[in-house]
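Everything below concerns the one structure shown next.
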Amino acid sequence: MREIGLGDLADIATGAAILGTGGGGDPYIGRLMARAALRENGPVKLTPLAELPDDAVVLPVASMGAPTVMVEKLPAADELSNAVEALCGYLGRRPTHLACAEAGGVNSLIPVAAAARTGLPLIDADGMGRAFPELQMFVPGLYGVKASPMAMSDDKGNRAVIHTVDNHWTERLARAATVEMGGSSTTALYAMTGRQAREYMVPGTLSLCAELGALVERHRTTGDTAEAVAERLGGRVLFTGKVLDVERRTVGGFARGTARLTDGAAELRLSFQNEHLLAELDGVPVATTPDLICVLDQQTGVPVTTEGTRYGQRVTVLVAPCDPRWHTPEGLALVGPRYFGYDIDPVTT
């Protein structure tokens, strides 16, 4: 796939929702934004990560905030270009390429819309290999790439640029600003060189999203979608059952909560902070962050987000391995179960 056109959006949206592990924002919203931008400006060129020149200026873009808010508060069309322009003005140079900050939900498609509106090529890569709830959870950040200067914009036309002492402070200040912006914002951050991007970004994730989406479509009527997706991701099916109960709230700019599932004999409990972070089978941890915990509709194979989980749904839960860099000591300190308050060791898929 060398460019992204209107015909690619449905598959990318579905695949991004799978890699989003329940979070990353509603992919349908991102699809609407990308479709409008592509209709107005034409296809987006997709650049393989390996083809980036050393002196490229790469700028990841993303939406920040609680997915439950983004369902009702759509980003304005100029939010995307406003964030990019604000950071360019601060840095004094323009990017040569845009990138996805994460492979998940709306944040795999907002960069498509941003690339279409700015005329910049998009890199076939992302900074996580999945979705995570906090912006310091970024593979290049493990190697010293700074999140700030970071630009933010909102639907009202406000712009802000923050320059912080470290990536955790970027998350804290940006999260507070996002809450004041109405619970969601558009961001441009982690500016890096082409050489840094080639070394530290996760390659091929947009192509993988499209492949997973096409896989779901092919298997939609066969009933074995979850098995096919798990096999492609090198994972396994964990549980199939009905949603018994969902407890969900928006706190501090995140959607936090739990969902309980049953198959009639056993109960699976999923805990999430935007994304699914922990799966416990009858009280025993069987899957944990940083590996991917994905929920698919049992009948259609369509991924189910944390904000879309409802009582009575029949779903299949699968688990798949993350980028191996997240299982290093540095990676686990940033995205392992204990970071999120679960006093357990990670369960490796």
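The values are calculated or read from the model by the stated rules, or taken from the named source; none is laboratory data. Please read these numbers as outputs of a predicted model, since none were measured by experiment. Reconstructed Cβ throughout: ideal geometry from the backbone, glycine too, with neighbour counts over all protein chains shown. All accessible areas refer to the heavy atoms of the entire protein, side chains included, with ligands and DNA or RNA removed. Shrake-Rupley method; radii C 1.70, N 1.55, O 1.52, S 1.80 Å.
Remarks
- Percent carbon-and-sulfur accessible area, the range 1-150, ignoring ligands, DNA and RNA, probe 1.4 Å: 49
- Calculated translational diffusion coefficient of the range 63-184 (37 °C, 0.692 mPa s; Stokes-Einstein with Kirkwood radius over alpha-carbon pairs) equals 223 µm²/s.
- Annotation: per residue accessible area for the chain equals 38 Å², rounded to a whole number [probe 1.4 Å, protein chains only].
- Per-residue HN-Hα couplings for the range 314-319 [Karplus 6.51, -1.76, 1.60; θ = phi - 60°; Hz; x = Gly/Pro]: 9, 9, 10, 9, 10, 10
- Calculation over all alpha carbon pairs of the chain in 10 angstrom steps from 0 returns a P(r) of 6, 28, 37, 22, 6, 0, 0 percent.
- Within the chain: Cβ-based charge dipole about Cα centre, in debye rounded to nearest 20 (Lys, Arg +1; Asp, Glu -1): 500
- Computed on the range 286-340, the Cα convex hull volume stands at 100 Å³ per residue.
- Among GLY141, PRO75, ALA214 the positive-end extreme of the charge dipole of the chain (Cβ point charges): PRO75
- Placing one equal scatterer on every Cα of the range 106-169 and applying the Debye formula, the log10 ratio I(q)/I(0) at q = 0.24 Å⁻¹ is -1.30.
- Mean ellipticity per residue at 222 nm, deg cm²/dmol - from DSSP H runs of n ≥ 4 across the chain, formula -39500 (n - 2.57): -9000 deg cm²/dmol
- Stokes-Einstein D (µm²/s) once Rh is taken as the Kirkwood radius of the range 245-349 over alpha-carbon pairs, at 10 °C in 1.306 mPa s: 112
- In the range 199-349, the portion of solvent-accessible area held by carbon and sulfur atoms comes to 50 percent [1.4 Å probe, whole percent, DNA, RNA and ligands not counted].
- Rounded to 5, the percent of DSSP beta bridges in the range 1-136 classed as antiparallel: 20
- Per-residue HN-Hα couplings for the range 260-267 [Karplus 6.51, -1.76, 1.60; θ = phi - 60°; Hz; x = Gly/Pro]: 10, 10, 9, 10, x, 10, 10, 10
- Sorted on the mean count of surrounding Cβ atoms within 10 Å across their residues, most packed first, peptides 28-34, 117-123 read 28-34, 117-123.
- Computed about the Cα centre, the dipole magnitude for the range 229-349 is approximately 280 debye when only Lys and Arg (+1) and Asp and Glu (-1) carry charge, each at its Cβ.
- Candidate cross-link partners of LYS45 among the aspartates and glutamates, defined by an alpha-carbon separation under 18 Å and a same-chain spacing of 8 or more, comprise GLU3, ASP8, ASP11, ASP124, ASP126, GLU211.
- Assigned charges on the beta-carbon of Lys, Arg, Asp, Glu; the range 88-246 dipole about Cα centre (debye): 420
- Taken as Cα centroids, the range 102-156 and the range 303-341 sit 19 Å apart, rounded to the nearest whole angstrom.
- In Hz, Karplus ³J(HN,Hα) per residue of the range 133-143 (6.51, -1.76, 1.60; θ = phi - 60°; x = Gly, Pro): x, 10, 6, 6, 8, 9, 3, x, x, 5, 10
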